[in-house]
Structure formats: structure tokens, C-alpha cells
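The block underneath contains the structure these notes are about, expressed in C-alpha cells.
Any read-out appearing in this document is the output of simple, stated calculations on the displayed coordinates, not a laboratory observation. Keep in mind the model is a prediction, meaning the values are calculated, not measured. As a convention, Cβ positions derive from the backbone with ideal geometry for all residues, glycine included, and neighbour counts pool all protein chains shown.
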Ligand code: PEP
Ligand code: MN
């Protein structure tokens, strides 16, 4: 249930309405947008409350919302969420590029790649220190030392950093070193992890589970939001279908659908979505055309010898740089800004 108020209603009056609603043992969530203020009700609303709410002064309308997720939905929060991390705005006009290797390997490797991401115009350095590998004998990442190597490279080159966290126990240490925490596709419904991420304020990039529906994905986001962390972004990284030519099937429609259903920023991952280097460029451009707020792209200086199998989908540095040059031209056509030479100083 949401109550819609005009945009000129004062904060005092909004507070009075919230207090009135909360007497009925539901939680009220206020979202002040540019055109209207929405008060969303969380919990089972007494029919009497609904009736009374309709008659309250300044309440223009009361609408029933049947979706199971609330805080993640655009009904509850009509304006886009913009997450500002040290001057980089994710979900606003700026197009945000996160680039780097699948895994952090050595200090030299991550330092060199960071310098190339920065030189190309990217704003965020990606790299996994804890890797969710399908097989237990595969390289599992270099762990906390990798977090330190990446934080150092990010600081040195003026980049934000993003890294994957797989278990609730590691959330605090990952948040100590990285600016954004990534929840991988395999952990989208790791509810203990999601609950833990709800207790901090570090931004979270929530990848779509490879067999998850939009509804399940938004409910996973709801866990983090409901815990009290409003800084969530969604990432489409491909889903499993009958097609085996590509590693996954890139669900391009997920981008505009998420922008309709939700107010959260949407990021696309054309690397894992396709698993093929030659498809990363066209799918990046398609994602920008479809309205993505940012991209997370694997890039490696020596992909043939990368320590995970993801070298085959990693761009070479010159391809990465050329792609970002093209995005500078493409972004304005979809109302975005991207300037390879003038990125905000971040760190
Ligand atoms: C990754 O980003 O390297 C990764 C493992 O992603 P995903 O969870 O999408 O497979
Ligand atoms: Mn990878």
C-alpha cells in the first residue's frame, strides 16, 4: 500500500501522517521525489487504516501494491536512486565503467591493470580476491592479501574498487578495503549474506542469479534494503538457457525492465553474460543503448595466462580503451555523460 502526497506537503505534515500510520502497527517508509512524496506501508495494513488514510488532508491517493518486494520497487520510490561514492555517481547521468581482471593475482598485475583502467577513463577497478569457483580444486583467489593489493592500486591510481564477498564472515574485512561489494550470481539467494550486507552502508552490486527471475532478484535486493542499507545496484550478468555457444545468455531486456520495476541503478556485465571476448564490445554498446547506468568489464594484460578461466572473455587493454572511446560518443544519445579524460578525482 502506498499513500501519494503532493510535492508541496511540508516535512512536519509528512511526519504527522507517518505517526498516524504507524499507530496501526505498520512501518511507514517515506520517499520524497521531484513530483510527489510517497509513503509506503510495510506490513499488513488494517482495512480501517486504508479507509482513514484516503480521507487524510494532503493524501491525494492510496494505491494497493501487490508486489512482494516493496523498498526495491519504483512504486515506493519514484525517483532513481543515485549512489554517490567519493564523487562518482552511480544511477545518475554519469555512465560508470568498472574494469579489471577476474581475479587479483599479484601486486604488479593489479597495479598495471589499474593504471590502464584509469588511463582509459574508467572510474572503478574490479578484481576478485575470493573467487566462487565451480570446482573445489580450481584457484580460489588470493584472499585478504588480494584485498590489500587492490586497495593500494585503487588509491595510487585514483579509482574506486569493487570486489566479491561470498560469506557473511568476510563482509567486514571486504568493506574495510573495497568501496563496493559484489554479490556473485551463485550467492544471489545467500540470505545470510544479504542480511549481513543490510547491516552496513557500503554499496552492494547484486548480480542476478543465473536461474533467477526478476521477482526473485528484486526480492534479494529487498533483503539488503530492508536491513537498512539503501545503497544497492542490480547487475545483469546473463542467465542459463539451452544455448551453449555463449557462456550465458545476456538478457538485455532485463535492463529496461529493472529500470521500470525498480529505482535502483542497473549495471551490465557483458563479460560473464557472453563468455567471449569478441562479444563484449557489441553487448556493452547494446547495454548502454538499453539504459544501463554502468558496465563491469573484465580486462587483463595477459589473458592467456590469467589464473581463472575468464581470460577468454577478458578484453586486451587496447580493446578496453577503444571501447571506452566509443562509449564517450554513444552515451549522449541515451542521456548519459561519459568523458574518458575528465573523470572526477575519486580517491
Ligand atoms: C566475477 O565477476 O568474476 C564473477 C565470478 O561473476 P559471476 O558471479 O557473475 O559469475
Ligand atoms: Mn570472472
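Highest mean first, how do 85-91, 65-71 rank when packing is the count of other Cβ atoms within 10 Å averaged over residues?
Working: 85-91: 18.9, 65-71: 16.3.
Ranked from most to least packed, the peptides come out as 85-91, 65-71.
Ranked highest first by average number of other Cβ atoms within 10 Å, how do 138-146, 155-163 line up?
Numbers: 138-146: 17.2, 155-163: 21.1.
Order by mean packing, descending: 155-163, 138-146.
State, to one decimal in nm, how far the label point of residue 12 lies from the label point of residue 253, with both points 7 Å from Cα in the Cβ direction.
5.1
Among 98-105, 249-256, how do they line up by average Cβ neighbours within 10 Å per residue, starting with the highest?
Values: 98-105: 27.8, 249-256: 18.4.
For the peptides 98-105, 249-256, the packing ranking is 98-105, 249-256.
Return one quarter of the surface area of the convex hull spanned by the alpha-carbon atoms of segment 107-260, equal to its mean projected area, in nm². Walk me through the numbers on the way to the answer.
Values: hull surface 40.2 nm².
Projected over every direction and averaged, the Cα hull of segment 107-260 covers 10.1 nm².
Quick check on the exposure proxy: order 271, 262, 115 from fewest to most C-beta atoms within 10 angstrom. Present the calculation step by step, with values, prior to reporting the outcome.
On the way: 271 29, 262 26, 115 16.
Least crowded to most crowded, the residues run 115, 262, 271.
With 10 angstrom as the radius, rank 170, 245 by how many other C-beta atoms surround their C-beta, starting from the fewest. Walk me through the intermediate numbers first.
Values: 170 19, 245 9.
By the 10 Å Cβ count, ascending: 245, 170.
How long are the three semi-axes of the equivalent ellipsoid for segment 88-167, computed from the Cα gyration tensor as the root of 5 times each eigenvalue, in whole Å, largest first? Walk me through the numbers on the way to the answer.
Details: eigenvalues 104, 44, 20 Å².
Sorted largest first and rounded, they come to 23, 15, 10 Å.
Could you tell me the ratio Rg/Rh of segment 209-347? Both radii from Cα atoms, Rh via Kirkwood. Before the final figure, lay out each step's value.
Working: Rg = 15.7 Å, Rh = 16.1 Å.
The Rg/Rh ratio comes out at 0.98.
Taking every Cα atom in segment 1-75, find the radius of gyration and the maximum pairwise distance Dmax, and write them in Å.
11.3, 30
Could you work out, for segment 120-211, what percent of all Cα-Cα pairs fall into each 5 Å distance bin, beginning at 0 Å and stopping at the bin that holds the largest distance?
Over segment 120-211, the share of Cα pairs per 5 Å bin runs 3, 14, 25, 24, 20, 11, 4, 0 percent.
Per DSSP H run of n ≥ 4, the term is -39500 (n - 2.57); total these for the chain, divide by its residue number, and report the mean residue ellipticity at 222 nm rounded to 500 deg cm²/dmol. Can you show the working numbers first?
Values: 11 runs with 117 residues, N = 347.
Helix contribution divided over all residues of the chain: -10000 deg cm²/dmol.
Based on the Cα gyration tensor of the chain, what are the three equivalent ellipsoid semi-axes, each the root of five times an eigenvalue, rounded to whole Å and given largest first? List each step's numbers first, then the result.
Values: eigenvalues 285, 84, 71 Å².
Listed largest to smallest, the semi-axes of the chain are 38, 20, 19 Å.
When 188, 150, 1 are ordered from fewest to most other Cβ atoms inside 10 Å of their Cβ, what list results? Could you put the intermediate results ahead of the total?
Values: 188 24, 150 30, 1 21.
Lowest count first: 1, 188, 150.
Once the convex hull of the C-alpha atoms of segment 30-131 is built, how many Å³ does it hold per residue, rounded to a whole number? Kindly include the intermediate steps, with their values, before the conclusion.
Details: hull volume 14.9 nm³, N = 102.
Cα convex hull per residue, to the nearest whole number: 146 Å³.
FRET efficiency for residue 260 and residue 52, Cβ-Cβ distance as r, R0 = 51 Å, nearest 0.05? Display every interim value, and only then the final one.
Working: r = 31 Å, r/R0 = 0.61.
FRET efficiency, residue 260 to residue 52: 0.95.
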